[in-house]
Amino acid sequence: MTNVNYWDEPGKYVALVKREWKKFIETGDIKGLSVRDEVLRSWKKSFENGLSYSESGAKLVLNEKDMAKLIVRNAMLIGAAQPVLDEFADLLKKRGKTNNIINLCNEDTVIIRMLACGSMGEEDAKCQSILPGAILNEKHTGTTGVSMAKNSRSPYAVYGYEHYTQLAKTCNCAAVPIMNTWTKELKGIFALSGDGLEISSDTMGMLTFVARTIESNYFFAYAEMLQTLLARFRDAVKRYDADLIFAADTDLQVVASSKNQHPLLSNVLPNSRKLSPAVCKAAKKANLRFLFEQKTAENAIGVDEADGYSLEFSPVYKGDDYIGLIVSAGRSAGADLHAPVLNVKQSGGIVGENPAFLTALRTAVKVAPSDASVVLFGETGVGKEVFARMIYERSNRANKAFVAVNCGAFPKELIGSELFGYAPGAFTGASPRGNTGKFEAANGGTIFLDELEALSFEAQTYLLRVLEEKELFRLGSNRSVPIDVRIICAANADLPELIEKKQFRADLYFRLTVIQINIPPLRERFDDLAGLISRFSLLYTDADCSISQEDLRHIQKHSWPGNVRELKNVVYSASVLSLDVVQHLKDYVSIHAKPGRLPGASAPLPEKEIAAEYLADVIRGCGGNIAGAARQLGLARSTIYRRLQKINGPSAGRAIPLNRK
């Protein structure tokens, strides 16, 4: 790459590029040429597209009918840009720049507006066919300032001989991208060109300012459109009972959705979402009809079987202008209820073919759209929170908060203030600003209470009152706060047994267990083991792994007390250590499959027979949850704590033994 800079030595730079261009057209090879790398790549692309450098100018690709449609589709951009372009053209005319040409292109580099600053500019535009309908990219016109601005997504200037076609080499061209700052997508390109156009840092700064002014105008026009579109969306959510409702603008950018995640949505962006390919195809058909047919507010198109959903499209108008559409989606009659609910990265393992597991999954899917309280029963690590999040994502509250609380993580003295909040100065050490509890944080959305059995009896009593009255009082406050939340709970313990022991309120149990879902442990769904290993391998290593029946039988020797979480962590450790997944699993089982409570065994191990290493493995497999480990071993928690003290010494208290042989 040469050190010659156009702005410092324009004559020398132009002469250099002219020499290098001659070398290029002789060989078609860009290696060793002293021209800007990105310009060379554009030359190469133009050459490979079969474009002749002797072309007399741009090609008018679009006919009058297609051009009319393009104008309609870009009406908002044109409306935002036109007054700015007119004012800028007047400024150039007053300065005597009569040979300059102003272009506004769409995101595909098609010229949709052209302004000549004088008769000379108008003649040049006609001579080079730089007119509405021309496409200024490497396929049709070669290297131009517009194509380079699109490629780089930044202001760009192309000087004389850096252009690809011979006729354009007498001109300089500078272009600046115009972005939709709502969606972060390229919306258009503003360009200035001309024979002898002087390009300096001041010129680029001025053009950038013009482009940003157009962006600002577009921002406010889009915001006004968005307000109307969102109002229609909110009305649709209230009126229609659908699996998914979303609003999209005329570029099919999803601007609002009744659910944050859904199979019909993909490619989540900071301020918008895109549609899955099949739905996008159906939406394009509806979008074109609404754009170019007569306004019919009641018009709707039903599209069957797009990704297993039936879709209904309704146009949204602002005055007489079509601004977007509302889409409602429902499961098609023939949709497969046994299909995985989410993909592997979303689900963390919430897939399988085991009959008991599928029963739990189908129940969760069925109850998700309702507001019914759900209690998930299962051992630690089976995926209760994953189930809870799946229910939330498929619910009508998916665009509201999801707040997860582990009830066993707080001392019984503090759980009340954590759940329900407290007023300023409610107790010694309380924040002077008070505290918003988890229920208030989840208001309008969903709260997930894990380890429900760990709630103190006092907290259970207050929770029951909140559920019945649909309001709460912060600790130390006499002001009621209305509460509208859906409750999903998870329990490791046998709640009816706790009721018999007077450790859990029966009325709260019956209030919460509108829906009960039992998630089987991994040892009872070994028919899913190969599939889970394969999915986790894909998740962490981007590579599938085949596993033989002999290897599966070996892996099944372990009771997997930590269930799917334990299996997932072992596969993850294999990826971190760059080990073969199957061999690592076999080694893990060989080390950890100690004598103990194997699948189907009912008798607990005597305390004295629990090896220190095995006890530590079970506790780790249960994520450090002593209650879960006690249930897995068939022992009381006090027995586990007593054994830990014997292993670690009295001063160690409840510490988990970490020393390994």
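For region 369-388, enumerate the residues that are touching a Ser or Thr at 6+ places or on another chain (Cβ under 9 Å) and buried (at least 22 other Cβ atoms within 10 Å of the Cβ). It would help to see each step written out before you state the result.
Going through region 369-388, the residues touching a Ser or Thr at 6+ places or on another chain (Cβ under 9 Å) turn out to be 369-371, 373-375, 383, 386, 388.
Result: V374, G383, A388.
Across region 234-242, not a single residue is classified as crowded, with 20+ Cβ neighbours inside 10 Å and of a type outside the set (A, V, I, L, M, F, W, C).
Yes or no: D484 at pLDDT below 90, surrounded by fewer than 18 Cβ atoms within 10 Å (Cβ to Cβ) and either under 27 Å from V618 (Cα atoms) or not β-branched (V, I, T) (or both)? Judged against the criteria, D484 is not a match. Among residues that are assigned to a strand (DSSP E or B), of a type outside the set (G, A, S) and without any contact (Cβ under 8 Å) to a residue 60 or more places away in the chain, V375 is not included. Residues considered: N99, N103. Of these, the only one that is crowded, with 19+ Cβ neighbours inside 10 Å and under 40 Å from the mean Cα position of the chain (by Cα) is N103. Please verify whether region 20-37 includes one or more residues that are closer than 21 Å to E138 by Cβ, of a type in the set (V, I, T) and open to solvent by 70 Å² or more (accessible area, probe 1.4 Å). Checked against the condition, which is being closer than 21 Å to E138 by Cβ, of a type in the set (V, I, T) and open to solvent by 70 Å² or more (accessible area, probe 1.4 Å), region 20-37 yields at least one hit. Residues in region 112-130 that are open to solvent by 40 Å² or more (accessible area, probe 1.4 Å) and not basic (K, R) were compared, and the one that is nearest to L85 (Cα to Cα) is M114. I'd like the residue in region 494-546 that is of a type in the set (S, T, Y) and closer than 20 Å to E379 by Cα and, out of all such residues, is surrounded by the fewest Cβ atoms within 10 Å (Cβ to Cβ). For region 494-546, the residue satisfying everything is T513. Applying the criterion of being among the basic types (K, R) and in a helix (DSSP H, G or I) to the residues of region 131-177, the residue that is surrounded by the fewest Cβ atoms within 10 Å (Cβ to Cβ) is K169. Selection within region 391-405: residues that are assigned to a loop (DSSP other than H, G, I, E, B), open to solvent by 20 Å² or more (accessible area, probe 1.4 Å) and under 16 Å from A372 (Cα atoms). The member of this set that is modelled with the highest pLDDT is R397. Among all positions in region 194-211, there is no residue which is surrounded by fewer than 21 Cβ atoms within 10 Å (Cβ to Cβ) and closer than 24 Å to K285 by Cα.
What about D527, is it at pLDDT below 90, out of contact with any Pro (no Cβ under 6 Å at 6 or more places or on another chain) and not in a loop (DSSP other than H, G, I, E, B)?
yes
If the condition is being within 22 Å of A401 (Cα to Cα), open to solvent by 10 Å² or more (accessible area, probe 1.4 Å) and out of contact with any helix residue (DSSP H, G or I) (no Cβ under 9 Å at 6 or more places or on another chain), then region 437-464 contributes A441, N443, G444. For region 178-200, name all the residues that are under 39 Å from the mean Cα position of the chain (by Cα) and either in a loop (DSSP other than H, G, I, E, B) or of a type in the set (F, W, Y) (or both). Across region 178-200, the qualifying residues are T181, W182, T183, K184, F190. Among the conditions (1) at pLDDT below 85; (2) surrounded by fewer than 19 Cβ atoms within 10 Å (Cβ to Cβ); (3) closer than 26 Å to T213 by Cβ, the only one that D90 does not satisfy is (1). A286 meets all of the listed conditions (1) touching a Phe, Trp or Tyr at 6+ places or on another chain (Cβ under 7 Å); (2) open to solvent by 70 Å² or more (accessible area, probe 1.4 Å) but one, namely (2).
A quick yes/no check of all residues on (1) open to solvent by 80 Å² or more (accessible area, probe 1.4 Å); (2) modelled with pLDDT under 55; (3) of a type in the set (S, T, Y):
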{"position": "A278", "(1), (2), (3)": "no, no, no"}
{"position": "A282", "(1), (2), (3)": "no, no, no"}
{"position": "A297", "(1), (2), (3)": "no, yes, no"}
{"position": "E305", "(1), (2), (3)": "yes, no, no"}
{"position": "P340", "(1), (2), (3)": "no, yes, no"}
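Just wondering, is there one or more residues in region 549-567 that are at pLDDT below 90, surrounded by fewer than 17 Cβ atoms within 10 Å (Cβ to Cβ) and touching a Phe, Trp or Tyr at 6+ places or on another chain (Cβ under 7 Å)? No, region 549-567 contains no residue that is at pLDDT below 90, surrounded by fewer than 17 Cβ atoms within 10 Å (Cβ to Cβ) and touching a Phe, Trp or Tyr at 6+ places or on another chain (Cβ under 7 Å).
Against the definition (of a type in the set (A, V, I, L, M, F, W, C), touching a Ser or Thr at 6+ places or on another chain (Cβ under 6 Å) and open to solvent by 10 Å² or more (accessible area, probe 1.4 Å)), how does L467 come out, yes or no? So that I can check it myself, show each step before the final result.
Working: of a type in the set (A, V, I, L, M, F, W, C): yes; touching a Ser or Thr at 6+ places or on another chain (Cβ under 6 Å): no; open to solvent by 10 Å² or more (accessible area, probe 1.4 Å): yes.
It is false that L467 is of a type in the set (A, V, I, L, M, F, W, C), touching a Ser or Thr at 6+ places or on another chain (Cβ under 6 Å) and open to solvent by 10 Å² or more (accessible area, probe 1.4 Å).
Quick one: would you say S216 is polar (S, T, N, Q), open to solvent by 40 Å² or more (accessible area, probe 1.4 Å) and farther than 23 Å from D108 by Cα? Judged against the criteria, S216 is not a match. Return yes or no: is L33 farther than 23 Å from C127 by Cα, in contact with a Leu (Cβ under 9 Å, 6 or more places away or on another chain) and free of Cβ contacts under 8 Å to residues at least 60 places away in the same chain? Yes. Restricting D86, D108, D124 to those that are touching a residue at least 12 places away in the same chain (Cβ under 8 Å) and over 44 Å from the mean Cα position of the chain (by Cα) reduces the list to D124. Screening K93 with (1) touching a residue at least 24 places away in the same chain (Cβ under 8 Å); (2) of a type in the set (K, R); (3) assigned to a helix (DSSP H, G or I); (4) over 18 Å from G194 (Cα atoms) gives one miss only, at (4). Of all residues in region 201-260 being of a type in the set (S, T, N, Q), in contact with a strand residue (DSSP E or B) (Cβ under 6 Å, 6 or more places away or on another chain) and assigned to a helix (DSSP H, G or I), which is modelled with the lowest pLDDT? The residue in question is T228.
The values are calculated or read from the model by the stated rules, or taken from the named source; none is laboratory data. Nothing here was measured: the structure is a model prediction, and the numbers come from that model. Every residue, glycine among them, receives a Cβ derived from its backbone with ideal geometry; neighbour counts consider all protein chains shown. Calculation scope for accessible area: heavy atoms of the full protein, side chains included, ligands and nucleic acids excluded. Shrake-Rupley method; radii C 1.70, N 1.55, O 1.52, S 1.80 Å.
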